[in-house]
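A short write-up of the structure that comes next.
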Amino acid sequence: MPTSIRDVYVVDAVRTPIGKFGGALSGVRPDDLAAHVVRSLVGRSPDLDPALIDDVYFGDANGAGEDNRDVARMAVLLAGLPVTVPGVTVNRLCGSGLEAVVQAARAIAVGDASVAIAGGVESMSRAPYVLQKPERAFPAGHQQMYSTTLGWRMTNPAMPAEWTVSLGEGAELVADKHRIGREEQDAFALASHHKAAAAWAEGLYDGEVVPYDGVALLRDECIREASTPETLAKLKPVFRPDGTVTAGNSSPLNDGAAALLLVDETGLRATGREPLARIRTSAVTGTEPQLFGLGPVEAVHRALAKAGRVFADLTTFELNEAFAAQSLGCLAEWPGLDPAVVNPRGGALALGHPLGASGARLAGSVAHQLAAAGSGTGLAALCIGVGQGIAVVLER
């Protein structure tokens, strides 16, 4: 048994450009996307013997198609790592990529590993349709087919109806709760696009984005810097006839992958590199399923409290933007937080939200931002469908 908890360092973090649904990355299998970021990550630390990697943790929200059968292990094999390197796939829906970071960091902290890769992947474009197995052989009637791209399916009838509303209706409920209007949501979404476009123009993503070989996609595909309040105002509500949630203030459907290299002191010496940041604490909490968008609220409070930090200590805060209403609802419950530190390089409304990869993208972005700042405290957090929230505190 370990006699003390070890420090856990983020040595490096990479991600693909995020592709839109049916877009540039839709022809790439999710296991190949995962292998690409693993291969790229390891290649950026040439002094590290890949055989020293104790485990690979990958988040994957759907797992119903080409990402089946433990996509983490498939990524290890496809990336050309030694067959002795194991891999495990974790699922906390939208928080899966950050959950992978938490589990890898925990293994290192207690001495079960010295070097680990944590990441996430999702191809929403390639998510298959699935068919339930019939109750008996050779049914004569028609059978229902379900899309595995997003949201509830094959819902257990024992679940209360108010829990199983669509994700968009959940965002509308948050908007109702905090009286967040359409104009406020559209303005938040517009700011996300403008910040993302500016970050790319300034080269702020150059150090972490690794384009997929053979695909002509060099930056995130869903950024719309030409959007205006007028263009967003023309979009119709999607989930209620008189609602406020539109395609313009919701995150898109996406494809992408991300990965981080995590080590202890021994592993750090093996890489011969200076770390970007250190993982300090994490927290995960639950809430009413229909109010999943507010899941990060308590998770963030708990993670900061465990780290002995407050909002005023934050250098940067990467909050996943599932919906503008959801993000604004969380911000309304954090009155001590300076909005200026939230998603300074744009968020998921512009960059995209490839479910299982998003948490790893957020953690990697925080690490890179802390390294650029030279010091500070950063936070990554996501809301999670079916009513959960997850948060991680990083420091440099």
Counted residues, region 164-203 - those being under 22 Å from the mean Cα position of the chain (by Cα), farther than 23 Å from Leu218 by Cβ and free of Cβ contacts under 8 Å to residues at least 40 places away in the same chain: 1
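Among the residues of region 32-65, which ones are among the aromatic types (Phe, Trp, Tyr) and either more than 20 Å from Ala363 (Cβ to Cβ) or open to solvent by less than 10 Å² (accessible area, probe 1.4 Å) (or both)? I'd like the intermediate steps shown before the answer.
Kept after step one, since they are among the aromatic types (Phe, Trp, Tyr), are these residues of region 32-65: 57-58.
The answer is Phe58, and nothing else.
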Long-range neighbours under 9 Å by Cβ, at least six apart or interchain, first residue under 14 Å from Ala257 (Cα atoms) and of a type in the set (Gly, Ala, Ser) within region 73-86, second in a helix (DSSP H, G or I) and open to solvent by 70 Å² or more (accessible area, probe 1.4 Å): Ala75/Arg39; Ala79/Arg39
Unmet requirement for Tyr205, which otherwise passes all of (1) assigned to a loop (DSSP other than H, G, I, E, B); (2) closer than 28 Å to Leu48 by Cβ; (3) touching a Ser or Thr at 6+ places or on another chain (Cβ under 6 Å): (3)
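Looking at Ala171, Ala187, Ala196 in this structure, which one is assigned to a helix (DSSP H, G or I), at pLDDT 95 or above and touching a strand residue (DSSP E or B) at 6+ places or on another chain (Cβ under 9 Å)? Reasoning before the result, please.
Working: Ala187 fails: touching a strand residue (DSSP E or B) at 6+ places or on another chain (Cβ under 9 Å); Ala196 fails: touching a strand residue (DSSP E or B) at 6+ places or on another chain (Cβ under 9 Å).
So the residue among Ala171, Ala187, Ala196 that is assigned to a helix (DSSP H, G or I), at pLDDT 95 or above and touching a strand residue (DSSP E or B) at 6+ places or on another chain (Cβ under 9 Å) is Ala171.
Against the condition at pLDDT below 95 and over 24 Å from Ser40 (Cβ atoms), how does Ser227 come out, does it pass? Talk me through it step by step, then tell me what you get.
Details: at pLDDT below 95: yes; over 24 Å from Ser40 (Cβ atoms): yes.
Spelling it out, Ser227 is indeed at pLDDT below 95 and over 24 Å from Ser40 (Cβ atoms).
Can you confirm whether Val209 is surrounded by 13 or more Cβ atoms within 10 Å (Cβ to Cβ), touching a strand residue (DSSP E or B) at 6+ places or on another chain (Cβ under 8 Å), hydrophobic (A, V, I, L, M, F, W, C) and farther than 30 Å from Leu41 by Cβ? Please lay out each step first, then the result.
Details: surrounded by 13 or more Cβ atoms within 10 Å (Cβ to Cβ): yes; touching a strand residue (DSSP E or B) at 6+ places or on another chain (Cβ under 8 Å): yes; hydrophobic (A, V, I, L, M, F, W, C): yes; farther than 30 Å from Leu41 by Cβ: no.
The answer is no for Val209.
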Identity of the residue in region 128-146, out of contact with any strand residue (DSSP E or B) (no Cβ under 7 Å at 6 or more places or on another chain) and aliphatic (A, V, I, L, M), that ends up nearest to Gly356 (Cα to Cα): Ala137
Residue list for region 316-356, restricted to those being touching a residue at least 40 places away in the same chain (Cβ under 8 Å) and of a type in the set (Gly, Ala, Ser): Ala322, Ala324, Ala325, Ser327, Gly329, Ala332, Gly346, Gly347, Ala348, Ala350, Gly352, Gly356
Among residues of region 112-149, those that are part of a loop (DSSP other than H, G, I, E, B), of a type in the set (A, V, I, L, M) and at pLDDT below 95, counted: 2
Hits in region 131-146 (condition: among the aromatic types (Phe, Trp, Tyr) and under 25 Å from Asn62 (Cβ atoms)): Tyr146
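Determine whether region 284-298 contains at least one residue that is assigned to a strand (DSSP E or B), open to solvent by less than 30 Å² (accessible area, probe 1.4 Å) and either farther than 25 Å from Ala61 by Cβ or not aromatic (Phe, Trp, Tyr) (or both). Lay out the reasoning, then the answer.
At the first step, the residues of region 284-298 found to be assigned to a strand (DSSP E or B) are 284-286.
Add one more test, that the residue is open to solvent by less than 30 Å² (accessible area, probe 1.4 Å), and what stays is 285.
From what is left, the residues that are either farther than 25 Å from Ala61 by Cβ or not aromatic (Phe, Trp, Tyr) (or both) are 285.
The answer is yes, given that some residue of region 284-298 is assigned to a strand (DSSP E or B), open to solvent by less than 30 Å² (accessible area, probe 1.4 Å) and either farther than 25 Å from Ala61 by Cβ or not aromatic (Phe, Trp, Tyr) (or both).
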Long-range neighbours under 6 Å by Cβ, at least six apart or interchain, first residue more than 12 Å from Glu395 (Cβ to Cβ) within region 304-315, second not in a loop (DSSP other than H, G, I, E, B): Lys306/Thr281
Total residues in region 386-396, condition open to solvent by 10 Å² or more (accessible area, probe 1.4 Å) and either under 17 Å from Ser327 (Cα atoms) or not in a strand (DSSP E or B) (or both): 3
Qualifying residue in region 86-107 (condition: open to solvent by 10 Å² or more (accessible area, probe 1.4 Å), part of a loop (DSSP other than H, G, I, E, B), in contact with a helix residue (DSSP H, G or I) (Cβ under 6 Å, 6 or more places away or on another chain) and within 23 Å of Asn254 (Cα to Cα)): no
Filter result (closer than 21 Å to Ala191 by Cα and not in a helix (DSSP H, G or I)) within region 337-377: Leu337, Asp338, Val342, Asn343, Pro344, Arg345, Gly346, Gly347, Gly352, His353, Pro354
Residues within region 264-283 that are open to solvent by less than 20 Å² (accessible area, probe 1.4 Å) and either among the aliphatic types (A, V, I, L, M) or modelled with pLDDT under 95 (or both), tallied: 2
Whichever residue in region 220-241 is under 17 Å from Ala191 (Cα atoms) and β-branched (Val, Ile, Thr) and, among such residues, is most open to solvent (accessible area, probe 1.4 Å): Thr231
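The values are calculated or read from the model by the stated rules, or taken from the named source; none is laboratory data. Computed from a predicted model, the values in this text were never measured in an experiment. When we count neighbours, we look across all protein chains shown, and the Cβ atoms used for this are built from the backbone with ideal geometry, even at glycine. Protein only, heavy atoms only, side chains kept; ligands, DNA and RNA dropped before computing areas. Shrake-Rupley method; radii C 1.70, N 1.55, O 1.52, S 1.80 Å.
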